[in-house]
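The values are calculated or read from the model by the stated rules, or taken from the named source; none is laboratory data. Source: prediction; values computed, not measured. FYI the Cβ positions are ideal-geometry reconstructions off the backbone, even for glycines, and counts take in every protein chain you see. For accessibility, only protein heavy atoms count, side chains too; no ligands or nucleic acids. Shrake-Rupley method; radii C 1.70, N 1.55, O 1.52, S 1.80 Å.
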Amino acid sequence: MASRAHKIGSLLFCPNCGTLLSLPRDGEKIVTCEQCSYEEPASSYENVIITTKSDPEAFPSALRQKRKTQTKHHDTGDKGTLVSEKCPVCGHLEAYSKEMQLRSADEGSTIFYTCNGCQHKWRVNN
């Protein structure tokens with residue numbers, strides 16, 4: 001029995017050399033391998049469903065890139081650094097702190113505190 005082309009998805013490959021076989025042209029009864037001259041019947045392509053998919057990242061878009069750079073992710077897992085700071089509400093002596101630069105670069109940063117006892121939040125400008 002003669003060997004038949006190997007089918008992977010909607011593609012047919014030559015069983016002798018592995019070259020991708022071309023689609024048959026209108027009216028062609030045989031597809032010939034360009035490398036080894038193997039002949040595959042055009043009927044092998046009948047009932048083959050061709051599905052094409054593309055990754056959204058394959059076609060960059062200025063609008064998509066702008067949307068990506070403006071997306072904000074708020075992390076809820078990181079409480080900050082545990083420091084010795086007295087809560088102005090309950091008097092607890094430990095709080096979590098995070099430092100952020102909210103004002104212009106030549107001004108000090110802002111420190112956000114969260115009380116470890118009552119979860120009260122306050123901030124101090126440096």
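Which shape class, rounded, prolate or oblate, goes with the stretch 1-47 when its Cα gyration tensor gives a ≥ b ≥ c as root eigenvalues, a/c under 1.5 marks rounded, and past that a/b bigger than b/c marks prolate? Rounded, since a/c falls under 1.5. For Thr51, project a label point 7 Å along Cα to C-beta. Then give me every residue of the stretch 4-40 with its amide nitrogen under 11 Å of that point. 9-10, by backbone N distance to the label point. What's the tally of Lys pairs in the chain whose alpha-carbon atoms lie under 26 angstrom apart, where the two lysines are 8 or more places apart or on different chains? Step by step, the pairs that qualify in the chain add up to 13.
Over all distinct Cα-Cα pairs of the stretch 73-126, the Kirkwood formula returns a hydrodynamic radius of 11.7 Å. Put a dot 7 Å past the Cα of Met100, heading toward its Cβ, do the same for Trp122, and the two dots end up 1.9 nm apart. Give me the percent of the accessible area of the chain that comes from carbon and sulfur atoms, probe 1.4 Å, all protein chains in place. Whole-percent figure for carbon plus sulfur exposure: 51.
Descending by average beta-carbon neighbour count within 10 Å, the peptides 39-45, 24-30, 83-89 line up as 39-45, 83-89, 24-30, the highest first. Rg over Rh for the chain works out to 1.54, both radii taken from alpha-carbon positions and Rh defined as the Kirkwood radius.
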